[in-house]
Amino acid sequence: MTKLEQLSELLVSEISQFEKTVERLEKIQKQQIGIDSSNLENALRKQNEKMENSLTHHRQEMKTLGYELRQTKAYPVWAICVFIVSVVLNGVLIYAIFN
């Protein structure tokens, strides 16, 4: 009989623990815990605006750079060398003719 009494005591204590746990869960469930994500949303929105502004500025800079590169005059090295040699030769010829 003692075994049966011990088992019944254990069962009663387990049931009471279960009831207490259920009561705690009911209390937690009654408390409506809300998650406020407005601060995170505002931070993400601000970061997105900054990135959009940076991207817009970068695009404008690239357009300006492209325009300036199209306006520059770039000559090949061989053409510059030929021009310099012809100027030097013309100078030498003019000096030789007038001396």
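Scan the stretch 4-19 and give yes if some residue there is among the β-branched types (V, I, T) and assigned to a helix (DSSP H, G or I), otherwise no.
Looking through the stretch 4-19, at least one residue is among the β-branched types (V, I, T) and assigned to a helix (DSSP H, G or I).
In the set S13, S54, which member is surrounded by 10 or more Cβ atoms within 10 Å (Cβ to Cβ), of a type in the set (G, A, S) and more than 51 Å from the chain's Cα centre (by Cα)?
Values: S54 fails: more than 51 Å from the chain's Cα centre (by Cα).
Every option except S13 fails the conditions.
Note down all Cβ pairs under 9 Å where the first residue falls in the stretch 53-77 and is outside any helix (DSSP H, G or I), the second is surrounded by 10 or more Cβ atoms within 10 Å (Cβ to Cβ) and at pLDDT below 95, and they're at least six residues apart or on different chains.
Pairs found: Y75/F83.
Looking at Y75, Y67, which one is of a type in the set (F, W, Y) and either over 46 Å from the mean Cα position of the chain (by Cα) or at pLDDT 90 or above (or both)?
Matching residue, one of Y75, Y67: Y67.
The values are calculated or read from the model by the stated rules, or taken from the named source; none is laboratory data. Nothing here was measured: the structure is a model prediction, and the numbers come from that model. Quick reminder, even Gly has a Cβ in these numbers, built from the backbone with ideal geometry, and neighbours come from all protein chains shown.
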